[in-house]
Amino acid sequence: MVDLEWESLAEVSRRLDAGDISSVELTSRILERIEATEPKIRAFITVTAELALEQAREADRRRARGERGPLLGVPIGVKDVILTKGVRTTAGSKILADFVAPYDATVIRRLREAGAVFVGKLNCDEFAMGSSTENSAFGPTYNPWNRERVPGGSSGGSAAAVAAGQCYAALGTDTGGSIRQPAACCGIVGFKPTYGRVSRYGLIAYASSLDQIGPMARTVTDCALVLEAIAGHDASDATSAAHPVSRYTEQLEKPVRGLRLAFPKECLGEGLHAAVRRSVEEAIAWYGREGAQIIETSLPHTRYAVPTYYLVATAEASSNLARYDGVRFGLRVGEEAGLLGMYARTRGVGFGAEVKRRIMLGTYALSAGYYDAYYLKALKVRSLVRKDFEAAFQQADLVVLPTAPTTAFRLGEKTGDPLQMYLSDIFTIPANLAGLPAISLPCGFDELGLPIGLQLVGRPFREDELLAAAYAYEQGHEWTSRHPAV
């Protein structure tokens, strides 16, 4: 029997088109895979088996009518911060544990139109706040490569499900690295589009000026296929950009020769795991051998990126999460205590410790007397980080750097030290602050057999350049052909 779960999205799509298998048969195989592996991985908060089979039957009917499309009838997963009509959408939080979305996010509507099959909603850190998927009210997700290790976060459920063969692609969200860092930890490809490239309508907001929805899959081509389906202007999102969307899959096979890659010297500093450093240097050397021009550059203000992020993001979170008060959404506790008592008890019971920490930090930064000293200063530094990248792109097409300073760490290793946890995103946060597209792809394994991620950052709305450079590296290596023994 063919190991269908390890084939790429593009490969199973071709099988569906050729009539080798129906979408109902494929979806049933994936649901069996989920049932067999889920107790070990715990990637899902909700498995939507009935919905998936209903969508699979409809996909088979559409294909019988002559319709074709790369996502038609293909099982995918969705991070549980993206509204899916009629399906429980929790944001990994107790406060939304029983919330059923009344409408679809724009990305979900577009995937439905493309014929994708939704196999379930995937675990994440509560309200996407975390780097390990240990902050979920529904318990942690385990890394398929080593179940004593975290899968990264906050889109850890999405990364683990794709890596474990539980779906062919998944949607994640990336506010400070939440697509790329878990992709690196789980040995898959994760893509954060330019801010505004993909609609945020229907995304449960964490930090609105940073949040971005993007694809996660086992290959660059599969990420490109999903991105083609979800990208594009949306009148329902005021921050959505009107830039035309390319056919990314038709532009993957571009030569590396002549490509200009900038490597920031700040990336080789203290805290970088030796195996990560070695793998990233070898990847850069490969680009050089293929004819790319390697340029050393400097991003001097990225040293302030982590504190800047934790002022900007938490300030926006304190505002966005004010709506969860027990009146309009989700959990309500303590009505007998009066209105203010009900507010306090609902939020006290409903939010986890990390969410409370970030709400308090953000509220403090925005409070009278501290706004100029913290929030306004952070916005100024954010502009300097963006200008660093603009200067780098004067001499280069892409910036290359590690995705994360280490491979996946042990469960519980950093939960008692928030600063160490926040430093997990030290290489991913700058692209969010600058609003730039970035991709993480596998570039090796450490001495324990844990995956390592290579990150490429591109110019605004040049997702085509980014995907082509990543595709070239992927074709020259066999990292994506390895799978965890789950």
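The values are calculated or read from the model by the stated rules, or taken from the named source; none is laboratory data. Since the model is a prediction, treat every value here as computed from it, not as a measurement. Note that we place each Cβ from the backbone using ideal geometry, even for glycine, and neighbour counts take in every protein chain shown. For the accessible areas, the whole protein counts, side chains as well, though only heavy atoms, and no ligand, DNA or RNA atoms are used. Shrake-Rupley method; radii C 1.70, N 1.55, O 1.52, S 1.80 Å.
Run the reach check for Lys85 against aspartates and glutamates, Cα to Cα strictly under 16 Å, same-chain hits fewer than 8 apart removed. What comes back?
Partners within reach: Glu50, Glu54, Asp98, Asp104, Glu113.
Before anything else, pin down the relative contact order of segment 1-81: Cα pairs under 8 Å, at least 6 apart, normalised by residue count, whole percent.
Working: 56 pairs, mean separation 35.5, N = 81.
For segment 1-81, the relative contact order is 44 percent.
Spelling out what I want: for every residue of segment 20-33, take phi, set θ = phi - 60°, compute 6.51 cos²θ - 1.76 cosθ + 1.60 (Karplus), and round to whole Hz; glycine and proline get x.
5, 7, 8, 5, 4, 5, 5, 5, 4, 4, 5, 5, 5, 4
Hey, can you find the accessible area per residue of segment 5-130 for me, probe 1.4 Å, expressed in square angstrom?
Computed with neighbouring chains in place, this is 37 Å² per residue.
Select from Leu9, Phe389, Leu26 the residue farthest towards the positive end of the dipole of the chain; place +1 on Cβ of Lys and Arg, -1 on Cβ of Asp and Glu, and compute about the Cα centre.
The one lying farthest along the dipole's positive direction is Phe389.
How long is the gain from Glu54 to Lys85 if the chain were fully straight, where each residue apart is worth 0.36 nm and the alpha carbon distance is subtracted?
9.7 nm is the gain from fully extending Glu54 to Lys85.
Evaluate the charge dipole of the chain about its Cα centre and quote only its size in Debye, nearest 20, assuming +1 on the Cβ of each Lys and Arg and -1 on the Cβ of each Asp and Glu. Before the final figure, lay out each step's value.
Working: 54 positive and 56 negative charges, 169 e Å.
Charge dipole, the chain, about its Cα centre: 820 debye, nearest 20.
When Lys and Arg each count +1 and Asp and Glu each count -1, what net charge do the other residues less than 10 Å away from Thr90, Cβ to Cβ, add up to?
Working: positive: Arg88, Lys94, Lys121; negative: Asp80, Asp98, Glu126.
Local charge sum for Thr90: 0.
Classify segment 67-146: rounded, prolate or oblate, from the alpha-carbon gyration tensor (a ≥ b ≥ c, eigenvalue square roots; a/c under 1.5 rounded; otherwise prolate if a/b is larger than b/c)?
Working: a/c = 2.85, a/b = 1.49, b/c = 1.91.
Oblate, since a/c reaches 1.5 and b/c is not below a/b.
Over 18 Å between Cα atoms, which of Lys254/Lys387; Lys94/Lys121; Lys121/Lys356 qualify? Kindly include the intermediate steps, with their values, before the conclusion.
Working: Lys254/Lys387 28 Å; Lys94/Lys121 15 Å; Lys121/Lys356 24 Å.
Table pairs above 18 Å Cα-Cα are Lys254/Lys387; Lys121/Lys356.
Quick one: which of 434-447, 175-188, 47-60 comes out on top by average Cβ neighbours within 10 Å, and what's the full order, highest first?
Working: 434-447: 23.6, 175-188: 33.4, 47-60: 18.9.
Put in order of decreasing packing, that is 175-188, 434-447, 47-60.
Which FRET efficiency value, to the nearest 0.05, is calculated for Ile294 and Leu384 with the Förster distance at 25 angstrom and r the Cβ-Cβ distance?
On the way: r = 25 Å, r/R0 = 1.00.
FRET efficiency, Ile294 to Leu384: 0.50.
For the chain, which whole percent of the accessible surface, found with a 1.4 angstrom probe, sits on carbon and sulfur atoms?
Exposed carbon and sulfur together represent 51 percent of the surface.
Calculate, for Ala322 and Leu419, the FRET efficiency according to 1/(1 + (r/R0)^6) with r their C-beta to C-beta distance and R0 35 Å; round to the nearest 0.05. Present the calculation step by step, with values, prior to reporting the outcome.
On the way: r = 26 Å, r/R0 = 0.75.
About 0.85, to the nearest 0.05.
Where in segment 300-326 does the amide nitrogen come within less than 11 Å of the point 7 Å from the Cα of Thr239, taken along Cα to Cβ?
So the set is 313, 316-317.
Please calculate how many Å² of accessible area segment 417-486 carries per residue, with a 1.4 Å probe and no DNA, RNA or ligand atoms counted. The partial results should precede the final answer.
Working: 2080 Å² over 70 residues.
Accessible surface, normalised per residue, equals 30 Å².
What residues have an amide H closer than 5 Å to that of Gln212, excluding those fewer than 5 places away on the same chain, when H is modeled at 1.01 Å from N in the peptide plane?
Asp174, Thr175
Suppose a student asked you for the relative contact order of segment 63-184, using Cα pairs under 8 Å spaced at least 6 residues apart; what percent would you report?
Values: 270 pairs, mean separation 30.6, N = 122.
Averaging sequence separation for qualifying contacts and normalising by length gives 25 percent for segment 63-184.
What residue among Ser240, Pro300, Ala285 has its Cα farthest toward the positive end of the dipole of segment 227-335, where the charges are +1 on Lys, Arg and -1 on Asp, Glu, each on the Cβ?
Going by the Cα projections, it comes out as Ala285.
For the chain, what does the relative contact order come out to in percent, with C-alpha contacts under 8 Å and a separation of six or more? Mind showing how you got there, number by number?
Numbers: 1156 pairs, mean separation 85.4, N = 486.
Averaging sequence separation for qualifying contacts and normalising by length gives 18 percent for the chain.
Using the structure shown, list the pairs from Lys192/Lys380; Lys79/Lys265; Lys192/Lys265 with a Cα-Cα distance above 27 Å, or answer none. Can you show the working numbers first?
On the way: Lys192/Lys380 23 Å; Lys79/Lys265 34 Å; Lys192/Lys265 23 Å.
Result: Lys79/Lys265 exceed 27 Å.
What are the ³J(HN,Hα) couplings of segment 407-415, residue after residue, when phi is run through the Karplus curve with 6.51, -1.76, 1.60 and θ = phi - 60°? Round to Hz, x for glycine and proline.
7, 4, 8, 6, 4, x, 5, 10, 5
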